[in-house]
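What follows is a set of notes on a single structure, which appears directly below.
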Amino acid sequence: MTHDLRAKNLTLGYSDVDIVRDLDVVIPDGRITVIVGANACGKSTLLRGLARLLRPRSGQVILDGTSVHDLKSVEVAKVLGLLPQSPVAPDGITVGDLVGRGRYPHQGWFRQWSSEDDRAVAAALEATGTADLADRNIAELSGGQRQRVWVAMALAQDTDLLLLDEPTTFLDINHQVELLDLLTDLNRESGKTIVIVLHDLNLACRYADHIIAMKQGAILAEGPPIDVIDSAVVTEVFGLACEVVPDPVSGTPMIVPRGRHHAARETVSAAS
Amino acid sequence: MTAVVAGRRTRRRRAGTVTVALAVVAFALFVLTMMVGSFYVSAWDVITSAFHLRDEPSVDFIVRDLRLPTATAALAVGFALGVSGMLFQKLLGNPLASPDFVGISSGASLFAVSSIILLGAGSAMVSASALAGALVSAVLIYLLAWRDGISGYRFILIGIGLSEFMLSIIGYLVAHAELYEARQAMTWLVGTVGQAGSTELRTLLVALVVLVPVALLLQRPLRVLELGDDTANALGARVELSRLALIAVSIVLIGFATAVAGPVMFVALIAGPIAQRMVGHSGGGIIAAGLVGSIIVLGADLVAQHVVPVALPTGVITGIIGAPYLIWLLATVNREGRGG
């Protein structure tokens, strides 16, 4: 099913500081969108705003033509899922139980659990390769496994749009790639629209169909990474002098920072 | 798929079995406390008399008039404390977050002691003051801890701070009171199920009948609130409303329980984790926590009345059981780096 998620003149902030200012964005349906930017540029705030976790100061987030704040929370939660930056696993909880809690919006006061819920939980565990862990305690798992379990919980919610806030933060490079591959599978196989906030620019360029580069609460550039990311944009967004070369595996832009030392590299790259 | 179903069924079956077993133990202790004393009554006589199955004037006097009120108070107070503690701990995501630590009981105590010492109040007035104190301190903590929502950590720290503040006022009041009032205040402060008045007890029973089903309904949002506010919001839960309702249920329960028996320490702290360990972490366990609370208070009262050479208030025994648990908890919680 196609959906339309967009923000119009969106201003978001905490207490008395505006973090995102007067921003317009359209999330491409059925694609992977990655939001990048320096620390405190407002990328997580934008994601939380899109997931209606923050009430806009002004402007609105519109889902399928209606402002999300005019929709019932539970109805939005059937279409739009979010994996926050630091979700909390209660003490002693098992994987199966945790993933099952993702079914919340599909249940009611009287319809507590159905075979549809069992099916969704089993499918989510299967898709994330965590089916064997179902009876294990969350606390016993490695960081990579735990993150896949959280993704499984978000999948059990069974939404067409899935937003993830820095899902790779505590993972080593191998598990980062594994997780992003998993998200790509989900996008390709079931057509889920995925929006990810990421720190690693190279991975962002490789996995994004659409990249959004933010600076100081505004969008500086957006589009397919290969069209958008060059050294001028990276320097503007991160204040980092760098070279941008084609990724030898994917051909997408790859950022090589200059830094102040190891200048021998510079002559090599300048010569080539 | 079948593994998922099997796992869920196993978890539910375990919770069910343990809860039934706990209910049996609680009932056995309930009957036992009415059997022993200066005059022994058989289990059969206790049951037939307490449930009005047969009239036998000599037994009825001992069971219905002398022992039933205390036993019922122990059962109800324990249940209320257990449920209240469990809700708080789950809501604030911290095993230390029991209402007797975050200042609710201290608020009740301060109001009750003030009414004894400053107003020379009788037992009904003391109970009403305790209830008012629990509510006032809860509202105060909630308001002080509010900043774009409630975080568990801030709630606990502010609660502990407020609790210390109120305890020091209690200390001041008791130190400057006349001997008789000071003694009465100290007895109340230790907490005992024997001091229950029938009106307060009836109110507590009504509160349990109304609020325990509410707590069971609120278990559904509680299960996602446990995952953090962002996750709960993303799953479509009404976070602030559910949290407010859960806190309200918890506070009213502990307020009424304190009005009946005084601040019986540590029960709310230990009942939840014990129940949780027994039913498993997925089973919800609100009823189990209540039953564990009942078992602790009934057991403590049994020991306080009949095992030790001098009859003691219930709170002394729960304190003796609870304090080592608290030390163990602090030691292990800190070792796991979760801090309390």
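The values are calculated or read from the model by the stated rules, or taken from the named source; none is laboratory data. Predicted, not measured: the structure shown is a model, and the values here were computed from it. Ideal geometry is used to build each Cβ from the backbone, glycine not excepted, and the neighbour counts take in all protein chains shown. All accessible areas refer to the heavy atoms of the entire protein, side chains included, with ligands and DNA or RNA removed. Shrake-Rupley method; radii C 1.70, N 1.55, O 1.52, S 1.80 Å.
Examine segment A:43-52 for a residue that is charged (D, E, K, R) and without any contact (Cβ under 8 Å) to a residue 40 or more places away in the chain, and state whether such a residue exists. Steps first, please.
The initial filter retains those residues of segment A:43-52 that are charged (D, E, K, R), namely A:43, A:48, A:52.
Filter once more, keeping what is without any contact (Cβ under 8 Å) to a residue 40 or more places away in the chain: A:52.
Within segment A:43-52, one or more residues are charged (D, E, K, R) and without any contact (Cβ under 8 Å) to a residue 40 or more places away in the chain.
Yes or no: B:Ser250 in contact with a Phe, Trp or Tyr (Cβ under 7 Å, 6 or more places away or on another chain) and touching a residue at least 12 places away in the same chain (Cβ under 8 Å)?
On the way: in contact with a Phe, Trp or Tyr (Cβ under 7 Å, 6 or more places away or on another chain): yes; touching a residue at least 12 places away in the same chain (Cβ under 8 Å): yes.
Spelling it out, B:Ser250 is indeed in contact with a Phe, Trp or Tyr (Cβ under 7 Å, 6 or more places away or on another chain) and touching a residue at least 12 places away in the same chain (Cβ under 8 Å).
Identify all residues within segment B:142-192 that are in a helix (DSSP H, G or I), over 24 Å from the mean Cα position of the chain (by Cα) and small (Gly, Ala, Ser); write none if there are none.
Selection gives B:Ala175, B:Ala182.
Only one of A:Ala156, A:Ala152, A:Ala122 is open to solvent by 10 Å² or more (accessible area, probe 1.4 Å) and aliphatic (A, V, I, L, M). Can you tell me which? It would help to see each step written out before you state the result.
Working: A:Ala156 fails: open to solvent by 10 Å² or more (accessible area, probe 1.4 Å); A:Ala152 fails: open to solvent by 10 Å² or more (accessible area, probe 1.4 Å).
Checking each option against the conditions leaves just A:Ala122.
Any residue that is touching a Leu at 6+ places or on another chain (Cβ under 7 Å), within 10 Å of chain B (Cβ to nearest Cβ) and open to solvent by less than 50 Å² (accessible area, probe 1.4 Å) - is there at least one of those in segment A:132-149?
Yes, the conditions are met somewhere in segment A:132-149.
Consider B:Phe79 carefully, then state whether it is of a type in the set (Phe, Trp, Tyr), more than 14 Å from chain A (Cβ to nearest Cβ) and surrounded by fewer than 24 Cβ atoms within 10 Å (Cβ to Cβ). Walk me through how you get there before you give the answer.
Numbers: of a type in the set (Phe, Trp, Tyr): yes; more than 14 Å from chain A (Cβ to nearest Cβ): yes; surrounded by fewer than 24 Cβ atoms within 10 Å (Cβ to Cβ): no.
Spelling it out, it is not the case that B:Phe79 is of a type in the set (Phe, Trp, Tyr), more than 14 Å from chain A (Cβ to nearest Cβ) and surrounded by fewer than 24 Cβ atoms within 10 Å (Cβ to Cβ).
For segment B:19-58: of the residues being among the β-branched types (Val, Ile, Thr) and open to solvent by 30 Å² or more (accessible area, probe 1.4 Å), which is nearest to the other protein chains (Cβ to nearest Cβ)?
B:Thr19
From A:Leu186, A:Leu182, grab the single residue that is farther than 20 Å from A:Gly42 by Cβ, in contact with a Ser or Thr (Cβ under 8 Å, 6 or more places away or on another chain), crowded, with 17+ Cβ neighbours inside 10 Å and not charged (D, E, K, R). Even if it seems obvious, please write down each step before you answer.
Values: A:Leu186 fails: in contact with a Ser or Thr (Cβ under 8 Å, 6 or more places away or on another chain).
Result: A:Leu182 is the single residue among A:Leu186, A:Leu182 that is farther than 20 Å from A:Gly42 by Cβ, in contact with a Ser or Thr (Cβ under 8 Å, 6 or more places away or on another chain), crowded, with 17+ Cβ neighbours inside 10 Å and not charged (D, E, K, R).
Provide a single number: the residues in segment A:227-246 that are of a type in the set (A, V, I, L, M) and assigned to a loop (DSSP other than H, G, I, E, B). I'd like the intermediate steps shown before the answer.
Step one: list which residues in segment A:227-246 are of a type in the set (A, V, I, L, M), which gives A:228-229, A:232-234, A:237, A:240-241, A:244-245.
Retained after the next criterion (residues that are assigned to a loop (DSSP other than H, G, I, E, B)): A:229, A:240-241.
Final tally of qualifying residues: 3.
Can you pull out every residue in segment A:13-27 that is touching a residue at least 60 places away in the same chain (Cβ under 8 Å) and buried (at least 17 other Cβ atoms within 10 Å of the Cβ)?
If the condition is that a residue be touching a residue at least 60 places away in the same chain (Cβ under 8 Å) and buried (at least 17 other Cβ atoms within 10 Å of the Cβ), then A:Ile19, A:Val20, A:Arg21, A:Leu23, A:Val25, A:Ile27 are the ones that fit.
Out of all the residues in segment B:1-18, which are away from chain A (no Cβ under 14 Å) and in a loop (DSSP other than H, G, I, E, B)?
Answer for segment B:1-18, where residues must be away from chain A (no Cβ under 14 Å) and in a loop (DSSP other than H, G, I, E, B): there is none.
For segment B:44-141, which helices (runs of 4 or more DSSP H) that fit wholly inside it have 1 or more residues that are touching a Pro at 6+ places or on another chain (Cβ under 9 Å) and among the hydrophobic types (A, V, I, L, M, F, W, C)?
Details: elements: B:57-60, B:68-92, B:104-119.
Passing ranges, in order: B:68-92, B:104-119.
Can you tell me which residues in segment B:141-191 are at pLDDT below 90 and of a type in the set (Phe, Trp, Tyr)?
Within segment B:141-191, B:Tyr142, B:Trp146, B:Tyr153, B:Phe155, B:Tyr180, B:Trp188 meet the criteria.
Against the conditions (1) under 27 Å from B:Leu302 (Cβ atoms); (2) open to solvent by less than 10 Å² (accessible area, probe 1.4 Å), where does B:Phe101 fall short? Just the number, please.
In the conditions (1) under 27 Å from B:Leu302 (Cβ atoms); (2) open to solvent by less than 10 Å² (accessible area, probe 1.4 Å), B:Phe101 misses (2) alone.
Which residue, of B:Ala257, B:Ala275, is more than 14 Å from chain A (Cβ to nearest Cβ) and crowded, with 24+ Cβ neighbours inside 10 Å? Talk me through it step by step, then tell me what you get.
Details: B:Ala275 fails: more than 14 Å from chain A (Cβ to nearest Cβ).
Being more than 14 Å from chain A (Cβ to nearest Cβ) and crowded, with 24+ Cβ neighbours inside 10 Å holds for just one of B:Ala257, B:Ala275, which is B:Ala257.
In segment B:298-318, how many residues are more than 20 Å from B:Ala26 (Cα to Cα) and either basic (Lys, Arg) or at pLDDT 85 or above (or both)?
So the count comes out to 1.
List the pairs whose first member sits in segment B:196-224 and is within 14 Å of chain A (Cβ to nearest Cβ) and in contact (Cβ under 8 Å) with a residue 24 or more places away in the chain, whose second member is among the aliphatic types (A, V, I, L, M) and open to solvent by 20 Å² or more (accessible area, probe 1.4 Å), and whose Cβ atoms are under 6 Å apart, counting only residues at least 6 apart or on separate chains?
Listed by first residue and then by second, the contacts come to B:Leu218/B:Ala245.
Within segment A:204-226, track down each residue that is modelled with pLDDT under 95, part of a loop (DSSP other than H, G, I, E, B) and open to solvent by less than 50 Å² (accessible area, probe 1.4 Å).
Scanning segment A:204-226 gives a single hit, A:Gly217.
Confirm whether B:Gly228 is crowded, with 18+ Cβ neighbours inside 10 Å and either in contact with a Phe, Trp or Tyr (Cβ under 8 Å, 6 or more places away or on another chain) or within 14 Å of chain A (Cβ to nearest Cβ) (or both). Break it down into steps so the answer makes sense when it comes.
Numbers: crowded, with 18+ Cβ neighbours inside 10 Å: yes; either in contact with a Phe, Trp or Tyr (Cβ under 8 Å, 6 or more places away or on another chain) or within 14 Å of chain A (Cβ to nearest Cβ) (or both): yes.
So B:Gly228 passes the test.
Out of the residues in segment A:71-107 that are among the hydroxyl-bearing types (Ser, Thr, Tyr) and open to solvent by 30 Å² or more (accessible area, probe 1.4 Å), which is farthest from A:Arg136 (Cα to Cα)? Outline the logic, then answer.
Narrowing segment A:71-107 to residues among the hydroxyl-bearing types (Ser, Thr, Tyr): A:73, A:86, A:94, A:104.
Imposing the further condition that a residue be open to solvent by 30 Å² or more (accessible area, probe 1.4 Å) reduces the set to A:73, A:86.
Working: A:Ser73: 31, A:Ser86: 20 Å.
Filtering segment A:71-107 for residues that are among the hydroxyl-bearing types (Ser, Thr, Tyr) and open to solvent by 30 Å² or more (accessible area, probe 1.4 Å), the one farthest from A:Arg136 (Cα to Cα) comes out as A:Ser73.
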